[in-house]
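S.K.: Please find one structure pasted underneath; my questions will follow.
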Amino acid sequence: MNIGIIGAGNIGKTLAKLLSGAGHQVAISNSRGPATLQSLVAELGDGVQAMSTTEAANFGDIIIEAIPFGSYQQLPVEAIGDKIFVTASNYYPDRDGKIELGSLSDSEFFTQNLTKARVVKAFNTIWYGHLATQGDLSKPVAERRVIFVAGDDADAKHQVSELIEQIGFGAVDTGTLHQSKQQQPDTLIYNKDMTVSDALAILQKDREVDG
Ligand SMILES: NC(=O)c1ccc[n+]([C@@H]2O[C@H](COP(=O)([O-])OP(=O)(O)OC[C@H]3O[C@@H](n4cnc5c(N)ncnc54)[C@H](OP(=O)(O)O)[C@@H]3O)[C@@H](O)[C@H]2O)c1
């Protein structure tokens with residue numbers, strides 16, 4: 001599969017390495033253009049090329065973003081079109097400045113201009129250092145470190161969950177993009193080192209408490 005990544009920092013470059021290692025063709029991009037990414041792609045090796053954000057979005061069957069939350073208006077909306085768009089961004093007011101989300105989840109807010117895209121929130125609950133090292137293909141999925149997914153399109157979530165399994169993790173679905181509030185910063189499951197089976201038990205218990 002071709003994967004276009006927007007953002008070449010901690011999360012973007014870690015995913016580029018893992019996904020190219022799983023056999024995918026990856027294009028990675030930042031705001032400053034592909035010339036600034038030559039040493040990074042040389043380091044990441046075959047299977048990763050540098051492009052502009054628009055080119056990476058055109059290239060990807062699936063597009064993944066990991067850019068600062070406040071940059072949501074700089075996404076290449078036309079090139080993303082109706083593709084699967086994975087958003088890893090989190091909103092931290094102290095870091096990102098005051099942004100009024102209203103009743104929206106942070107991912108609903110971040111992707112508000114992508115009216116046709118099949119949006120999936122994923123990779124936002126795991127620190128990049130753990131993403132780089134904790135995938136383990138030798139374990140059964142239930143015993144692997146969890147990565148949460150949310151979104152309104154079941155097939156898109158399924159495809160992203162398959163990518164998660166291919167890099168040695170296990171996916172757990174928290175619901176719609178609105179319900180992805182459950183996997184935002186300061187929630188029960190955010191940035192917790194837990195297995196798929198632990199995560200399912202915690203979410204089940206939480207739902208019982210909420211009635
Ligand atoms: N760090 C983590 O462990 C972690 C884990 C889960 C989720 N997240 C979330 O993922 C997002 C990114 O975090 P990060 O740690 O990867 O950040 P980072 O290391 O600062 O990387 C951000 C990347 O985005 C690029 N960028 C900035 N503005 C852009 C734009 N308008 N278009 C395209 N590229 C742009 C930056 O490059 P240029 O400035 O050169 O363009 C840089 O390559 C944040 O919302 C964060 O909360 C982070």
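S.K.: Name the one entry in 5, 62 that is more than 11 Å from the ligand (Cβ to nearest atom), closer than 25 Å to residue 147 by Cβ and modelled with pLDDT of 95 or more.
M.R.: 62
S.K.: Here's another thing I want to ask about it. Based on what the data block shows, is residue 160 modelled with pLDDT of 95 or more and in a strand (DSSP E or B)?
M.R.: No, not satisfied.
S.K.: Say we look at the range 121-149 and pick out the residues that are more than 14 Å from the ligand (Cβ to nearest atom) and buried (at least 16 other Cβ atoms within 10 Å of the Cβ); which of these is nearest to the chain's Cα centre (by Cα)?
M.R.: 135
S.K.: What's the total number of residues in the range 56-75 that are touching a strand residue (DSSP E or B) at 6+ places or on another chain (Cβ under 7 Å) and open to solvent by 30 Å² or more (accessible area, probe 1.4 Å)?
M.R.: So the count comes out to 3.
S.K.: State which residue pairs qualify: first residue more than 16 Å from residue 11 (Cα to Cα) and in a helix (DSSP H, G or I) and inside the range 38-59, second residue at pLDDT 95 or above and open to solvent by 30 Å² or more (accessible area, probe 1.4 Å) in any location, beta carbons under 6 Å apart, and separation of 6 or more residues or different chains.
M.R.: Partner pairs satisfying both residue conditions: 59/2.
S.K.: If I ask for residues that are on the phi < 0 side of the Ramachandran plot, small (Gly, Ala, Ser), in a loop (DSSP other than H, G, I, E, B) and in contact with a strand residue (DSSP E or B) (Cβ under 9 Å, 6 or more places away or on another chain), which ones from the range 1-30 would you list?
M.R.: Of everything in the range 1-30, just one residue is on the phi < 0 side of the Ramachandran plot, small (Gly, Ala, Ser), in a loop (DSSP other than H, G, I, E, B) and in contact with a strand residue (DSSP E or B) (Cβ under 9 Å, 6 or more places away or on another chain), namely 8.
S.K.: Shifting gears a bit: Does the range 76-120 hold any residues that are open to solvent by 70 Å² or more (accessible area, probe 1.4 Å), in a helix (DSSP H, G or I) and away from the ligand (no atom under 13 Å from the Cβ), and which are they?
M.R.: Result: 78, single match.
S.K.: State all residues of the range 170-199 that are without any contact (Cβ under 8 Å) to a residue 40 or more places away in the chain and not in a strand (DSSP E or B); if no residue qualifies, say none.
M.R.: 176, 182, 186, 187, 188 - these are the residues of the range 170-199 that are without any contact (Cβ under 8 Å) to a residue 40 or more places away in the chain and not in a strand (DSSP E or B).
S.K.: Go over the candidates 20, 39, 31 one by one and state the one that is surrounded by fewer than 17 Cβ atoms within 10 Å (Cβ to Cβ), at pLDDT 95 or above, of a type in the set (Ser, Thr, Tyr) and over 18 Å from residue 76 (Cβ atoms).
M.R.: None of the other options fit; the residue is 39.
The values are calculated or read from the model by the stated rules, or taken from the named source; none is laboratory data. Remember, it's a predicted structure, so these values are computed and weren't measured experimentally. Every residue, glycine among them, receives a Cβ derived from its backbone with ideal geometry; neighbour counts consider all protein chains shown. Heavy atoms of the whole protein, side chains included, go into the accessibility calculation; ligands, DNA and RNA do not. Shrake-Rupley method; radii C 1.70, N 1.55, O 1.52, S 1.80 Å.
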